[in-house]
There are 2 protein chains.
Amino acid sequence: MNNKNYFTIRYKGRVNKYATMKEVDKNLNLSVIKAFKLLDVYMNNKQEWGVRELAKKTGYNKTTTYRLLSTLESLDIVQKNDDDKYILGLKLFELGNLVSVHKSLRNYSRAPLETIAKDIKETVHFGVLSNHRVLYLNKAESELGLKVSTQIGSYQQAYCTALGKVLLAFSPTDQILDYLKNVKLDAHTTNTIIDSKALLGHLEHIRKEGYALDMEELEIGLICIAIPVFNKNKEVVAGISVSGPSSRFKPENVQSYLSIIKKGALEIENHIRDYN
Amino acid sequence: MNNKNYFTIRYKGRVNKYATMKEVDKNLNLSVIKAFKLLDVYMNNKQEWGVRELAKKTGYNKTTTYRLLSTLESLDIVQKNDDDKYILGLKLFELGNLVSVHKSLRNYSRAPLETIAKDIKETVHFGVLSNHRVLYLNKAESELGLKVSTQIGSYQQAYCTALGKVLLAFSPTDQILDYLKNVKLDAHTTNTIIDSKALLGHLEHIRKEGYALDMEELEIGLICIAIPVFNKNKEVVAGISVSGPSSRFKPENVQSYLSIIKKGALEIENHIRDYN
DNA sequence: AAAAAACGTTTCACTATATGAAACACTGTT
DNA sequence: AACAGTGTTTCATATAGTGAAACGTTTTTT
């Protein structure tokens, strides 16, 4: 009674904080929200959690957490590993693969990405703009030991990645301006472009050149190059990027990398002509 | 009151039917179960659903269904498409990719599968045994128009697929016997092996030859070949299969297919030596 | 152009269900 | 032998989920 939980929920366009569920909207089901907030905890690069641990992280009562986990376990959404810790279950993998949004992009990019990764020997990513960020739909990892590795399904800021910048650059002008209006440009390294005007000019440059470079703008030591993938209406729908350590990724490689990536992009474009 | 919902739930080893939640186990959260049963409906090869449609399919009240959907929408677990129908959302894709079970197998199989698919020009699958069925962890589709296409994350019967049979054949004997004790062998075609003794003998044969064939045992016109993938302890952990239409898949191809698949299997095995 | 059907959504009275502090059983550690 | 750490169960209480019916739109049929 004196120890209320507060819920921060985006609903019908607004973000708000509430003490009880009834205040939020009596159409929302609190238990379901709690269950998914629990699963959200697994995004913290930690694969296994105990009951008390999850309770602490979520702020839920230990008992509530236990009961939610029991429920999710009965559904195979989570499962216990050998140490009796809770991990995400195979049912979630199954459901995730049913998601139809961008499914054709995911499927048709698979083979071309592998070809590029084999040719360039660096990690290749494939992604789209989604809610002002880059959503990674697919990847093909470098066969080398030192490599970039991103989680498929995860998001990254657009303004400081080659993939994000190329997707922005080829978007309609109003979308670019909308982006700049809504996203705060924070410096990740000294190379990050944090000035709106400078970014606009940079995007103009990318549009002219046809590709984007990320020169350690997100992370020191990490360099990327990216090109757009168009549909038949010449609208950008996705992008391909190659990422590698600065020790291997030299300016003289750019042209040969570009010709390899472009072949891959063309292959994808031939499959998704009807996509929009 | 007079229109009870019945819940069929597997919990603590038992499958049971209950009229109210309290009967099931007061530790299970009914709303969470309902939400996931709603998502389960999307496994019926239909990507978009309306409220009433889902209500009818699940047996839930229209209002309840609407509220569950509103909740799931606020979490991006489902989203509305252009026709205002509900489809599975990107958050589910994100969560599905976080599942750690078999993650290394999924990652390391990607490149080899693409190589095989490119060489053989047929669809390649990669899967494991999970709860007496084949779970497809990865695939690389044929570039040809007429091809097999399976959903990653989906399941198939083991006894009538090349992949399932090869995984069974190289499993410990007690697991094979346990399988035969628990699984009913139904005829999918006239070629399906539905006799336990015959299947046992067939598995013995597969073990000797080192590969399994599925000669239209699951579906008329569909032929598959599969080989096992071992860990460093020589235990089978996964399998690779190649599937194609009987019009293309001829007996004289078997040897050349095998040599190509075996290269891929070796590549995967080199990466997963520590897997068990 | 009017009527009917189908849709998602909201209302409101009712009761089933989620809740959490405390107690419990168990395991590994000090 | 005492302790600290788990996950789990209990029980009284109040919150939150429920569904029939009504509502306002949109789409289809007449």
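Every number in this text was worked out from the coordinates using simple rules, so none of it is lab data. Remember, it's a predicted structure, so these values are computed and weren't measured experimentally. In this analysis, Cβ positions are derived from the backbone assuming ideal geometry, glycine residues included, and neighbour counts consider all displayed protein chains.
What to note about this one:
- Chain B, closest residue to the rotation axis toward A, by beta-carbon, whole angstrom: B:Gly96, 1
- Packing rank of B:142-150, B:112-120, A:227-235, where each peptide gets the mean count of other beta carbons within 10 Å, highest leading: B:112-120, A:227-235, B:142-150
- Simple spin-label estimate for B:Leu30 and B:Asn191 in nanometres, 7 Å along Cα-Cβ: 5.0
- Which of B:Ile268, B:Gly239, B:Gln175, positive extreme of dipole for region B:103-271 (C-beta unit charges): B:Ile268
- Spin-label model, A:His271/B:Arg52: points 7 Å from Cα along the beta carbon direction are separated by 3.9 nm.
- Among residues other than A:Phe230 with Cβ under 11 Å from its Cβ, the summed charge is +1 (Lys and Arg +1, Asp and Glu -1).
- Residues of type aspartates and glutamates that A:Lys62 reaches as a straight line, Cα spacing below 15 Å, ignoring anything fewer than 8 places off in the same chain: A:Glu53
- For the protein assembly as shown, the dipole from Cβ point charges (+1 on Lys and Arg, -1 on Asp and Glu) about the Cα centre works out to 1960 debye, to the nearest 20.
- Computed about its Cα centre, the charge dipole of chain B is approximately 1000 debye, with only Lys, Arg, Asp and Glu carrying charge at their Cβ.
- Relative contact order of chain A, taken over Cα pairs closer than 8 Å and 6 or more residues apart, is 13 percent.
- Region B:170-226: trypsin sites (Lys or Arg not before Pro) in DSSP loop, at most 11 other beta carbons within 10 Å: B:Lys184
- In this structure, the pairs whose alpha-carbon distance is over 26 Å, taken from B:Lys34/B:Lys80; A:Lys57/A:Lys80; B:Lys165/B:Lys234; B:Lys56/B:Lys147, are B:Lys56/B:Lys147.
- Whole-Hz ³J(HN,Hα) from phi, Karplus 6.51 cos²θ - 1.76 cosθ + 1.60, for region B:253-268, glycine and proline x: 7, 3, 4, 5, 4, 4, 5, 5, 5, 4, 4, x, 4, 4, 4, 5
- Estimated [θ] at 222 nm from DSSP helical runs (n ≥ 4, -39500 (n - 2.57)) normalised by residues in chain B, nearest 500: -12000 deg cm²/dmol
- For the peptide B:140-149, the mean number of other protein chain Cβ atoms found within 10 angstrom of a residue's Cβ is 1.
- Between A:Glu252 and B:Lys80, the FRET efficiency from the beta-carbon distance, with R0 = 56 Å, is close to 0.70.
- Look at the stretch B:106-116: the mean tally of other chain Cβ atoms within 10 Å of its residues' Cβ atoms is 4.
- Computed lengthening from A:Glu209 to A:Lys121, 0.36 nm per intervening residue step minus Cα-Cα distance: 29.3 nm
- Highest-fluctuation residue, B:Arg133, B:Arg106, B:Arg248 considered, GNM on chain B with Cα pairs under 10 Å: B:Arg248
- Put a dot 7 Å past the Cα of A:Lys232, heading toward its Cβ, do the same for B:Lys234, and the two dots end up 5.6 nm apart.
- A point 7 Å from Cα along Cα→Cβ stands in for A:Asp174, and the other copies hold the same point at 6.8 nm, listed in rising order.
- Across region A:147-153, computed HN-Hα scalar couplings (Karplus, 6.51 cos²θ - 1.76 cosθ + 1.60, θ = phi - 60°) run 8, 7, 9, 10, 7, 4, x Hz from first to last residue, x flagging Gly and Pro.
- Taking the Cα centre of region B:206-276 as origin and assigning +1 to Lys and Arg Cβ atoms and -1 to Asp and Glu Cβ atoms, the resulting dipole is close to 300 debye.
- Ascending list, in nanometres, of distances separating the A:Lys197 label from those of the other copies (7 Å, Cα toward Cβ): 8.9
- Counting all C-alpha pairs of the protein assembly as shown, share separated by more than 36 Å (%): 41
- Helix B:30-40 axis versus longest C-alpha principal axis of chain B: approximately 50°, rounded to the nearest ten.
- Sorted shortest first, the separations between the A:Leu30 label point and its copies elsewhere in the assembly read 1.6 nm; each point sits 7 Å from Cα along the Cα-to-Cβ line.
- Amide H partners (placed H, <5 Å) of A:Ala238, local residues excluded: A:Val229
- Remark: region B:212-226, residue by residue, has Karplus-estimated 3J(HN,Hα) of 10, 10, 10, 8, 6, 8, 9, 8, 5, x, 10, 10, 9, 9, 9 Hz, where x stands for each Gly or Pro and the curve is 6.51 cos²θ - 1.76 cosθ + 1.60 at θ = phi - 60°.
- Crossing angle, helix A:173-182 versus chain A [Cα axis fit, 0-90 degrees, rounded to tens]: 40
- Using a Gaussian network model of chain A in which every pair of alpha carbons under 10 angstrom is joined by a spring, one finds that among A:Thr123, A:Thr190, A:Thr71 the greatest mean-square fluctuation is at A:Thr71.
- Between 0 and 90°, nearest 10: helix B:62-74 axis offset from chain B longest Cα axis: 70
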